[in-house]
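Here the structure is laid out as structure tokens; the discussion comes afterwards.
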Amino acid sequence: MVAGSATGVLAAPASAPSAKVAVSELLAPVLHGKATAAGSGSQSIRFSARTVGATTWNLLDGVSVAGTEAYRALPEGRLSIGQTFEYQIAHCDGTGCTAAEVKTGVVSPALGAGVRPGATRVPVTIGDRIGAQVDVGTGNLLVTADLFSLPRRSGSPLEVGIAYNSTTRARGESHFLNSVGASSSGWRLSTARDVRLRSVPGAGTVTYFGPNGLTGTFTADGAGGYNSPAGFKMTLSALSGGGWTLNDHGSGDTRHFAGNGLMTELVDRNGNATTFSYNTDGGLTSIRSDQGSAGASRLAVTLGGTTPRQIAALSQTADGAGGGTRSVTFTYDPDRNYLTGFTDAEGRTTAFFHGSSGNLNRITAPGGAVTSFSYDAYGRVESITQPTAGDPAGAVTRLLYHDGTFTDVADPNSDQTTAVDHTAHTRYHLTGDGWQLVQRAIDPAGHQRSATYTPFLDVASATDPAGTGTFGYDPAVNGGQSLTATTAPTGAGSSFAYGNTAQATRFQPTSGTDAQGRASTYTYNGAGNRLSAANASSAQASVTYNADGTVATATSPSGGVTTYGYDTVGQLTSITPPADSTLGTRSYTYDGYGRVATYTSGRGITETYTYDALDRVTAVDYSDPTPTVSYTYDTAGRTDLRTDASGTTDYGYDPLGRLTSRTHTATPGIAVTYSYDKAGNLASATNAAGTTTYAYDARNLVTRAVSPAGRPIEFTHDASGRRTDTWFNRTTDGYNGTTTFAAHTHTDYDASSRVARVWTARAGNDADRVTDFTYSYASPGTSVCAGAPAAGTDTGIRWTQTDNRTGAQTAYCYDTANRLISASTPGADTWAYSYDVNGNRTQAVKNGTVVQTLSVNAADQITSTGYGYDASGNTLTDSHGAATYNGADQMTALTDNAGTHTYTYAGIDQTELIAEGNGRTYTHGRTDEAGVPLIESFVSSGTTFAYLYDPAGTPLAILAGTNTHYLGLDGLGSVVAAVNHSGTHTAAWSYDPWGQATATAMNGSGIASRRIYGYAGGLPDRNTGLVHFGQRWYDPETGRFTQQDSLETLADPTRSNRYEYAAGNPINYVDPTGRDFSISGCGAAGLAIGIGLGFAFPIFAGAATLFEAFIAGASGSLLGTGFDAICSTF
């Protein structure tokens, strides 16, 4: 009897076969056996396998394959990522079997590495160009560092960096890499030779090692092709001459691999190739992209170290007179050859420390912030420790794994002296199909969320305590890879059709129907570039292309043609506007690294850009008298100082890049400061009025804010984490238990998390309401609105708003492009609106009388009497007066009958309004959720006022001396009421459908004229009636912006009009940044109605899109690991 044999038969072959796991990157690994000695008679290879601890061969029980060499896959659905198993392989002939010893195999942890589809991850902030995340299911730590970005003509830029995966390193996946240190270190290059294929012909498999560790194995389909692994929407094809191509169905990119598995080209859908060159040892020597001059497009590789393929440095050499070379250099441990750090092009060092076990235990980012990790024996992260102000122990996030069935995560605010599963934590239950995705999450308060997944690991359903939303992937459409339908918990749904069959276009939708039943259609050329999009109103936007896939012309629905010019290396050099407009041609030049060197506006003003070695803008100089804007950065990469026409802004940060202070020379003596708790929640905010403190529950939801005057604001949330109540200055009598409050705001939501009702009451009496609005999303039917869905159909837009205090109901109707065409309130005003084909509002009718008629040109500029524009598209004259702009296209003055009103801004756009000529000055601080800096305080007529916000940046109150005025908002986010700390109603605001405001002072208070936020959360200008939204001014009188959007979105009729506000739907959409509209008050409903089919080409319009200063606010904090704070696909 052979010891350990699965057969129990005396072995006849003289020696046991070779036995190994041939392919481990499958949930059903493939075993390989090959005879080492001759046999007699009929011969076979016999396979046996079992789970560890099993007493029988419960995976394969003596399964024989004829021949002397064979492959056999383990059964599907029995093993999980990283799970070990035991196997034995025997060589059998006519007289018996000889078995090899029992061996241990493992399902490769590489299947859980990288940014895998469907996974739930804990994000970790480390530095400005290095970040990390921990996969909750597999425990894998992924660290990524961005080093260079190479431009491509019609594809996304090629990001070149390095990546570390902890679980693959711990399991000794030696075939993963050898470009960045030892093959056992866990490090890899993000592209080039470390993105490759490995073929096992006998098993019929090809394993793809993708960017940053993403891994999957393609299996032969028996018809000459391959089946794609779960989550991979790609087609692998073998080439007749050897090698393969791998086509990505989403991007259209195709990777080309040689017969040895090395990636040789990355080709976009238009045939433009980025190439990878290697030496005879297979070491990477250079990368060359398809756009830009030789210096801009080529990345040179210096090899060195202990292996012929190890990278010592990456470098670029600029073209032109300026010349110069910038490099990233790597250092390695001389004993183990592990990566110990790199020095970037600015000379900043990032250091990595690997412990005795080989795990990456510590990262020191530029600037000195240290992040530490600890692991279990399988390379799964057990703790993350990061620096925090005032506590030497740091902020510690802990993870506990339970046999692959669930994972517990305790955030830094939890009790660190108590075990993870015995303190406040979130429990993530994992799927039982082996992929270890989160199927259910239970937060610290016991509330649950759940998800199901498709075979391609897309979310099929998402359930929270409010309801369930679904995502349809019809198996009959592209094999289930393409999204075909969505349904919100309340029933609002959308659908998508795919009518093309060619590989380049079959995954592109040919039509999409929104929740209102309105269909848009799309066409494409043979390469898969979108040619046209037409909405349900038959408005069509179209694009033509050059041979290389760059955009040649764009035609708006109204027929305006914009033409784009390029140099010989594919860089955009000019944008020529439609002929029938005031617009001038814009032009661009580039430096030796392919960065924009100059931009000349339609007005002929040239902006010149200066950069550091990390491509950060250090100065923007204007050819007119506009002062230069300059930036300096600290070692950690954050904006340190900004100097411009308004003065100098000084920023301070904590070690994790969260904004801690901000001062401006325009408001001397006023400093804005912030502090954060260990989980990254805003703990305090200090402005001109003093310090506001914040407290949170175990879910990291804010529960209390205390103003500088000591007046509390308290918050409650429902099981879904939605804020339901805000209590202003609530107190309870300790003797009789009576509770009083100054104001109380309550919000009801429907199952799709849309605001259904919101009201604000005063003076301790919930029945004494200063505002009370109810919203309906159910269609009224065609009898009320022509073209509306059937009555009662749940949709994605509001059809009525009811003022419950008066009983007045405003009904809204929309055209087939979802633009507002009427708003009627019985007993009050009735409005009707008309539009041209490109969304310009051409007529407004009030109570049956035409009150506005406008004509427009091909560039969507108003041509009616009294309106004029400059060559950059800025409104020069309109009903408000005559405007003046500086070289940065900032409106600096507006003259009307009352005089000239002046405006001063910080930076290169209009986002930060610093001062107005009426004596108002503004002090800014952190940013809100849209990225817009908050106004922390302002001075008006010599009096200082301050604002109090919630942690997300929603305004809660105005602080005016000893008075506090609490704000009531409607469902759009407009400020509609103020109640002071004594419960007195001090102001009311109302708006017409497009935001023209009426302010009413109440009870002798002057706060109605002092408040800064108004319609849709924008900043109203008291002098002109304009509203400031981020980068632009909005005119409620015409329902449009006064300047063009800085972004150009082509082949999308809903976004082709660059003056249009909120896609012509101000009842449902808002645009807080002045760059991109979004639905207001939308939670889960956005799953069904917020799926846009437009796309933005990489075409910029001016300086505003060239530079975004890296200023980290609270959003840059270390994870709050309540369920909402986890970066998840559901």
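Bear in mind that the values in this text are calculations on the coordinates, not laboratory data. Note that the coordinates shown come from a computational prediction; the quantities given were computed from them, not determined experimentally. Cβ sites come from the backbone with ideal geometry, for glycine too, and all protein chains shown count toward neighbours.
Testing the spin-label approximation: label points 7 Å from Cα along Cα→Cβ at residue 610 and residue 767. State their distance in nm.
7.0
Grab the beta carbon distance between residue 476 and residue 200, set R0 = 35 Å, and tell me the FRET efficiency rounded to 0.05. Can you show the working numbers first?
Values: r = 32 Å, r/R0 = 0.92.
Working from the Cβ atoms, E equals 0.60.
Report the full-extension gain for the segment residue 221 to residue 240: residue separation times 0.36 nm, less the Cα-Cα distance, to one decimal in nm. Intermediate values should be presented prior to the final figure.
Numbers: separation 19, 0.36 × 19 = 6.84 nm, distance 1.71 nm.
This chain segment gains 5.1 nm when fully extended.
Find how much the distance from residue 76 to residue 568 grows on full extension, using 0.36 nm per residue of separation minus their present alpha carbon separation; answer in nm with one decimal.
Numbers: separation 492, 0.36 × 492 = 177.12 nm, distance 5.28 nm.
Gain on stretching residue 76 to residue 568: 171.8 nm.
Could I have the simple spin-label model distance between residue 389 and residue 302, label points 7 Å from Cα toward Cβ, reported in nm to one decimal?
4.1
Relative to a virtual label point 7 Å from the Cα of residue 852 in the Cα→beta-carbon direction, which members of region 980-996 show backbone nitrogen distances below 13 Å?
992-996
Can you put 265, 1060 in order of Cβ neighbours within 10 angstrom, beginning with the fewest? List each step's numbers first, then the result.
Numbers: 265 16, 1060 25.
If I rank by nearby Cβ atoms, fewest first, I get 265, 1060.
Would you please state which residues of region 760-791 a label at residue 809 would reach in this model, taking the label point 7 Å out along Cα→Cβ and a backbone N cut-off of under 15 Å?
Counting only backbone N, you get 773-785, 791.
Given R₀ = 51 Å, FRET efficiency for residue 531-residue 738 by Cβ-Cβ distance, to 0.05?
Numbers: r = 69 Å, r/R0 = 1.35.
Efficiency computed from Cβ-Cβ geometry: 0.15.
Set the Förster radius R0 to 45 Å, insert the Cβ-Cβ distance between residue 895 and residue 580 as r into 1/(1 + (r/R0)^6), and round the FRET efficiency to 0.05.
Numbers: r = 28 Å, r/R0 = 0.62.
That pair, residue 895 with residue 580, gives E of 0.95.
What does the C-alpha gyration tensor say about the overall shape of region 930-1035? Classify as rounded when a/c is under 1.5, otherwise prolate if a/b is larger than b/c, or oblate.
On the way: a/c = 1.42, a/b = 1.23, b/c = 1.16.
Taking the square roots of the gyration eigenvalues as a ≥ b ≥ c, region 930-1035 is rounded.
When Cα Rg over 2.2 N^0.38 Å is calculated directly from the model, which label among (i) 2.05; (ii) 0.99; (iii) 1.08 fits?
Here Cα Rg over 2.2 N^0.38 Å agrees with entry (ii).
Mind listing the Cα extents of region 122-386 along all three principal axes, in Å, largest one first?
Between the extreme Cα coordinates on each principal axis of region 122-386 lie 54, 53, 33 Å.
Quick one: give the max-minus-min coordinate of the C-alpha atoms of region 18-106 along each principal axis, largest first, in Å.
Extents along the principal axes, in whole Å: 39, 25, 18.
Starting from 0.36 nm per residue, how many nanometres of slack lie between residue 357 and residue 277 once their C-alpha separation is accounted for? Let's see the in-between values first.
Values: separation 80, 0.36 × 80 = 28.80 nm, distance 3.46 nm.
Once the chain is fully extended between residue 357 and residue 277, it gains 25.3 nm.
Taking the Cα-to-Cβ direction at residue 440 and at residue 709 and moving 7 Å from each Cα, how far apart do the two end points lie in nm?
Computed distance between label sites residue 440 and residue 709 equals 4.9 nm.
For region 670-714, just say rounded, prolate or oblate: build the C-alpha gyration tensor, square-root its eigenvalues into a ≥ b ≥ c, call rounded for a/c under 1.5, and beyond that prolate if a/b exceeds b/c, oblate if not. Intermediate results must be reported in sequence, preceding the final value.
On the way: a/c = 4.12, a/b = 1.40, b/c = 2.94.
The shape class here is oblate.
May I ask you to list the lysines whose Cα is less than 22 Å away from that of residue 103, ignoring any residue fewer than eight positions away on the same chain?
Within the straight-line cut-off, residue 103 pairs with 20, 34.
Please work out the Cα center distance from region 500-550 to region 84-161, rounded to the nearest Å.
If you average the Cα positions of each part, the centres end up 36 Å apart.
Rounded, prolate or oblate for region 70-162? Axes are the square roots of the Cα gyration tensor eigenvalues, ordered a ≥ b ≥ c, and the cut-off for rounded is a/c under 1.5.
It comes out prolate by the Cα gyration axes.
If you take the charge dipole of the chain about its Cα centre, with +1 on Lys and Arg Cβ and -1 on Asp and Glu Cβ, which of 1036, 90, 424 is farthest toward its positive end?
90
Counting helices only, and only those DSSP H runs with n ≥ 4, report the 222 nm mean residue ellipticity of the chain as the sum of -39,500 (n - 2.57) divided by its residues, in deg cm²/dmol to the nearest 500.
On the way: 3 runs with 13 residues, N = 1130.
Result for the chain: 0 deg cm²/dmol, rounded to the nearest 500.
Taking amide hydrogens as modeled 1.01 Å from N in the peptide plane, which residues meet the under 5 Å criterion relative to residue 106, leaving out close sequence neighbours?
Those qualifying (amide H under 5 Å, at least 5 residues apart or on another chain) are 85.
Through the Karplus equation 6.51 cos²θ - 1.76 cosθ + 1.60, θ set to phi - 60°, convert the phi angles of region 674-687 into ³J(HN,Hα) values in whole Hz; use x for Gly and Pro.
In residue order, the calculated couplings are 9, 9, 9, 7, 5, 8, x, 6, 5, 9, 7, 9, 10, 9 Hz.
If we count other beta carbons within 10 Å of each Cβ, what is the order of 1071, 248, fewest first? Don't jump to the answer; show the numbers that get you there.
Values: 1071 25, 248 18.
Ascending Cβ contact count within 10 Å gives the list 248, 1071.
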